[in-house]
Structures are given as structure tokens and as C-alpha cells.
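Report on the structure given below.
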Amino acid sequence: MKKELIQINGLSFKYDEDGDEVLSNVDLTIHEGEWVSIVGHNGSGKSTLAKFLNALLIPNESNVVLVEGLDTVNEENIWEVRKRVGMVFQNPDNQMVATTVRDDVAFGLENIGIPPKEMVARIEWALKRVNMERYTEYEPHRLSGGQKQRIAIAGILAMRPSIIILDEATSMLDPIGRQEVLETVRMLKKEDGITVINITHDLEEAVNSDIVFVMNRGNIKIHGTPRYIFQQTEEIIGAGLELPFSLEVQKQLKSKGYQLSNACLTKEDLVNELW
Ligand code: ADP
């Protein structure tokens, strides 16, 4: 049985006292080493939930948000939780803080007072892990969007986190950049055992994850393996999400009387099934 890394028990939240609930009674468990997708349309509460996962938002009661057993309601746990849960955000340009790639990756380490020798080793290691070691002296603004996101990931990796959250981190990237980032975190999960939480409005990105949570109106409507989730077409449409390309094609084929033997998750599955 895998270790539970994140437990959320009945989390509800409003930004304004007399406003609507943005999260209502969310329960969520994430295990060590999993690749998790949290999928929902804009405004469904994904980013708000992510902020609770790395203690940018704090619940009112104890035992509602636990990260590696640390209750985020306790002030003394907050910095530890932020160190263990790294976040990559949507806009790569907003995340570059220094004039060289090296200094950018060093930024977080300087803040937590890592000694210079160890800092050099960590930076070198982190840049290698994201395949950007040749760019150490580059100015970040000269890099592509995908490369910038990989530098942001290196900055997080250098802090030795157990969990990386991508909050719509691919949504401003071109297809190549998107592929680079997803491939990088896939490898970090596989080879370094890092738990990856990918927050996205694009169900297509969830195809390779271990588990998918579908959010709608501040709640988790369904969860399960991609194979299970991709079969819940009514729920997907009800949550305001677009069907992934392969599902849309299958739906159209079915309506024209074609029977496919398998539920095809990817475009490649579909091509194999049809030809
Ligand atoms: P998502 O990430 O799924 O797009 P968000 O968590 O960003 O959803 O937003 C959920 C709801 O909370 C939306 O209605 C949004 O307008 C509202 N919201 C988000 N951030 C704030 C904030 N800082 N203050 C007030 N309302 C907010």
C-alpha cells in the first residue's frame, strides 16, 4: 500500500464572507509517486485547491489539509510544506526572477540559506534533470516557453520537494513546449519518485496519469483511472469540459453505427483500432 502524501478532508472555502463557496466539502487523497490530474473548466476551483496544497491558503480547522502528515493549520508547518510542495504556474515569464538561468535556479536556495558548495551541486543536478545543463549562463528571456517552464521546474527541484504541482503550466505553451514539460515531469515521477499533480482544463493531458479528479463548481465530481474517466462522457460534458479528440471521434463513429472493440484513450489507440 502506497503512503498517503496529501489528505484533504471536507475542505470548504469562500474568498468573501458573504460570497459563494469556491470549494465545497472537497475530499482528496494523493499517494506517494502518483501522477495525478485535476481537471476542470475555468473557475471550477482548481487553483484555489492547489493553493491549499502548498499552504498559500490555510484552512480554518485542523486535520482538513495534511501534507506528509503535516497539518497546514499549524503555522510552524507552513514553511516546511512550501518546501516540500513546489508549484509551477501558467505564465513562464512571471516565474523568471534573475538575469541568468543559474541565478534563477539559485533563488529559492538562497532564500533558505543553503551553503554555497551544496548550492552549486544542487543547481547542476537540477538543470541536468530537466535537460537544461547547457543553458546555465543563458539569460532566461532568450529561452522558449517550454525551456522557461523547465527552468522553473529546476528551481523547484533544487529545493528537493516530494510533490510538484503544475497549475495550468502548459496552457501558454506551443505543442512542442507542452510536450517538453510533460515529458520532463513524467521522467521525474518515473526516475526520482516525485509525485506530480497536473492541474489543467484539458482532459487530453490526463491520459497518462495514474488518477484523474474531475472538478466542477468547487467539488470533485468523479475520480478514477483515465480509462474509467474517459468512459464517463456525460459527466465530462456536464463538467463543462471538452472531450479529448479520440473520445470525440469515437462518439461520432458510434452515432454513425460503427462499433469499436476498445475504449481508445489516445489518438494512437484510435489509429491502431481503425487501421
Ligand atoms: P480555476 O483554477 O479552476 O480556474 P479558481 O480557483 O481560480 O478556478 O477560481 C474559482 C473561483 O474563485 C472563481 O469564481 C474565481 O473568480 C474565484 N476567485 C479566484 N481567486 C479569487 C480571489 N483571489 N478573490 C476572490 N475570488 C477569487
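Just name the residue that is farthest from R227 (Cα to Cα) out of those in segment 243-273 that are assigned to a helix (DSSP H, G or I) and small (G, A, S). Break it down into steps so the answer makes sense when it comes.
Filtering segment 243-273 for residues assigned to a helix (DSSP H, G or I) gives 245-255, 267-273.
Next, only the ones that are small (G, A, S) stay: 246, 255.
Values: S246: 12, S255: 21 Å.
Looking at residues that are assigned to a helix (DSSP H, G or I) and small (G, A, S), I get S255.
Can you pull out every residue in segment 101-146 that is closer than 22 Å to M172 by Cα and among the β-branched types (V, I, T)?
V101, V105, V130
May I ask you to list the residues in segment 133-160 that are surrounded by 22 or more Cβ atoms within 10 Å (Cβ to Cβ) and part of a loop (DSSP other than H, G, I, E, B)?
A158
Does segment 51-75 hold any residues that are in a helix (DSSP H, G or I), under 18 Å from the mean Cα position of the chain (by Cα) and either away from the ligand (no atom under 16 Å from the Cβ) or touching a residue at least 24 places away in the same chain (Cβ under 8 Å) (or both), and which are they? First the steps, then the outcome.
Residues of segment 51-75 that are in a helix (DSSP H, G or I), as a first pass: 51-53, 75.
Narrowing the set further to residues that are under 18 Å from the mean Cα position of the chain (by Cα) leaves 51-53.
F52, L53 - these are the residues of segment 51-75 that are in a helix (DSSP H, G or I), under 18 Å from the mean Cα position of the chain (by Cα) and either away from the ligand (no atom under 16 Å from the Cβ) or touching a residue at least 24 places away in the same chain (Cβ under 8 Å) (or both).
Looking only at residues in segment 34-80 that are crowded, with 17+ Cβ neighbours inside 10 Å and of a type in the set (G, A, S), which one is nearest to T184 (Cα to Cα)?
For segment 34-80, the residue satisfying everything is S37.
What do you reckon, is A126 over 19 Å from E80 (Cα atoms), part of a helix (DSSP H, G or I), of a type in the set (A, V, I, L, M, F, W, C) and in contact with a strand residue (DSSP E or B) (Cβ under 6 Å, 6 or more places away or on another chain)? Give the derivation first.
Values: over 19 Å from E80 (Cα atoms): yes; part of a helix (DSSP H, G or I): yes; of a type in the set (A, V, I, L, M, F, W, C): yes; in contact with a strand residue (DSSP E or B) (Cβ under 6 Å, 6 or more places away or on another chain): no.
No, not satisfied.
I'd like the full set of residues that are at pLDDT below 95 and of a type in the set (A, V, I, L, M, F, W, C), limited to segment 108-129.
Passing the criteria: L109, I112, I114.
Within segment 145-185, can you find the residues that are under 11 Å from the mean Cα position of the chain (by Cα) and of a type outside the set (A, V, I, L, M)?
D167, E168, T170
Which condition number in (1) in contact with a Lys or Arg (Cβ under 7 Å, 6 or more places away or on another chain); (2) in contact (Cβ under 8 Å) with a residue 40 or more places away in the chain is the one that S47 fails?
It is condition (1) that S47 fails.
Scan segment 11-22 and give yes if some residue there is buried (at least 16 other Cβ atoms within 10 Å of the Cβ) and under 21 Å from G238 (Cα atoms), otherwise no.
There is at least one residue in segment 11-22 that is buried (at least 16 other Cβ atoms within 10 Å of the Cβ) and under 21 Å from G238 (Cα atoms).
Inspect segment 78-85 for any residue being in the same structural domain as L173 (by TED's automatic domain parsing), among the aromatic types (F, W, Y) and either at pLDDT below 95 or touching a His at 6+ places or on another chain (Cβ under 7 Å) (or both) and give the result as yes or no.
Taking segment 78-85 as the starting set, the residues that turn out to be in the same structural domain as L173 (by TED's automatic domain parsing) are 78-85.
With among the aromatic types (F, W, Y) added as a condition, the list becomes 79.
Checking the rest, the ones that are also either at pLDDT below 95 or touching a His at 6+ places or on another chain (Cβ under 7 Å) (or both) come to 79.
Yes, there is a match, as at least one residue in segment 78-85 is in the same structural domain as L173 (by TED's automatic domain parsing), among the aromatic types (F, W, Y) and either at pLDDT below 95 or touching a His at 6+ places or on another chain (Cβ under 7 Å) (or both).
Within the set of pairs 6+ apart or on separate chains, which have a first residue in segment 178-194 that is over 16 Å from K2 (Cβ atoms), a second that is among the basic types (K, R) and crowded, with 20+ Cβ neighbours inside 10 Å, and C-beta atoms under 6 Å apart?
T184/R150
Report yes if K128 is buried (at least 24 other Cβ atoms within 10 Å of the Cβ) and within 13 Å of R102 (Cα to Cα), otherwise no.
On the way: buried (at least 24 other Cβ atoms within 10 Å of the Cβ): no; within 13 Å of R102 (Cα to Cα): yes.
No; evaluated as a whole, the condition is false for this residue.
β-branched (V, I, T), out of contact with any helix residue (DSSP H, G or I) (no Cβ under 9 Å at 6 or more places or on another chain), at pLDDT 95 or above and assigned by TED's automatic domain parsing to the domain that holds Q147: does that describe T100? Walk me through how you get there before you give the answer.
Details: β-branched (V, I, T): yes; out of contact with any helix residue (DSSP H, G or I) (no Cβ under 9 Å at 6 or more places or on another chain): no; at pLDDT 95 or above: yes; assigned by TED's automatic domain parsing to the domain that holds Q147: yes.
No; evaluated as a whole, the condition is false for this residue.
Which count do you get for residues in segment 23-50 that are near the ligand (Cβ under 9 Å from one of its atoms) and either more than 24 Å from I236 (Cα to Cα) or part of a loop (DSSP other than H, G, I, E, B) (or both)?
Selection size over segment 23-50: 6.
How many of the residues making up segment 199-218 are farther than 18 Å from A169 by Cα and either away from the ligand (no atom under 14 Å from the Cβ) or free of Cβ contacts under 8 Å to residues at least 12 places away in the same chain (or both)?
Start the filter on segment 199-218 by keeping residues that are farther than 18 Å from A169 by Cα, which leaves 210-211, 216-218.
This time we only want the ones that are either away from the ligand (no atom under 14 Å from the Cβ) or free of Cβ contacts under 8 Å to residues at least 12 places away in the same chain (or both), so: 210-211.
Within segment 199-218, residues that are farther than 18 Å from A169 by Cα and either away from the ligand (no atom under 14 Å from the Cβ) or free of Cβ contacts under 8 Å to residues at least 12 places away in the same chain (or both) number 2.
With the condition kept exactly as written, say whether any residue in segment 89-108 is in contact with a Pro (Cβ under 8 Å, 6 or more places away or on another chain), crowded, with 17+ Cβ neighbours inside 10 Å and in a helix (DSSP H, G or I).
Looking through segment 89-108, at least one residue is in contact with a Pro (Cβ under 8 Å, 6 or more places away or on another chain), crowded, with 17+ Cβ neighbours inside 10 Å and in a helix (DSSP H, G or I).
The values are calculated or read from the model by the stated rules, or taken from the named source; none is laboratory data. Bear in mind the structure is a predicted one, so any value in this text is a computation, not a measurement. Counting neighbours? That spans all protein chains shown, and the Cβs are built from the backbone with ideal geometry, glycine included.
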